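Enquirer: One structure coming up, written as structure tokens, with questions to follow.
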């Protein structure tokens, strides 16, 4: 089984009491589904990488937790795809306030294994389209002058 890092232990221990069982459970599911997972802290939150690429991340907030799948837009589950397209939140399963808010373990494990498979195949997310907005040059000039 992959090594658990103390930084994620610390993250979970600092989370609100309601979040600790959720985060611990998600972490255990990731390790069960992906024995070779590599834990990391990126952007101040726990991330799980496999084959040198991210598969998912989790986070605790003041009143809820979230889990996000890095390549959710390419996965088969309609809910994950729609939530990935919306890009309204970090998590693809909505606001999680208790273990009851999570899908069944079997379904969560299938999500994790599908994310692993995408990494094994070397699947990349499509590049985001370049913005056609005009740059705010006045703002940049003001900053440059400071």
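Enquirer: At pLDDT 95 or above and either exposed (fewer than 14 other Cβ atoms within 10 Å of the Cβ) or under 15 Å from the mean Cα position of the chain (by Cα) (or both), is that true of residue 48? Quick ask: steps written out before the conclusion?
Expert: On the way: at pLDDT 95 or above: yes; either exposed (fewer than 14 other Cβ atoms within 10 Å of the Cβ) or under 15 Å from the mean Cα position of the chain (by Cα) (or both): yes.
Yes.
Enquirer: If you go through the stretch 52-86, how many residues are modelled with pLDDT of 90 or more and in contact with a strand residue (DSSP E or B) (Cβ under 9 Å, 6 or more places away or on another chain)?
Expert: Restricting attention to the stretch 52-86, the residues satisfying the condition of being modelled with pLDDT of 90 or more are 52-67.
Those left that are additionally in contact with a strand residue (DSSP E or B) (Cβ under 9 Å, 6 or more places away or on another chain): 52, 54-60, 64-67.
So the answer is 12.
Enquirer: In addition: When you check residue 90 against the structure, is it within 14 Å of the chain's Cα centre (by Cα), under 21 Å from residue 47 (Cα atoms) and modelled with pLDDT under 75, yes or no?
Expert: On the way: within 14 Å of the chain's Cα centre (by Cα): yes; under 21 Å from residue 47 (Cα atoms): yes; modelled with pLDDT under 75: yes.
It is true that residue 90 is within 14 Å of the chain's Cα centre (by Cα), under 21 Å from residue 47 (Cα atoms) and modelled with pLDDT under 75.
The values are calculated or read from the model by the stated rules, or taken from the named source; none is laboratory data. What you see is a predicted model; the values in this text were computed from it and never measured. Note that each Cβ is placed from the backbone with ideal geometry, even for glycine, and that neighbours are counted across all protein chains shown.
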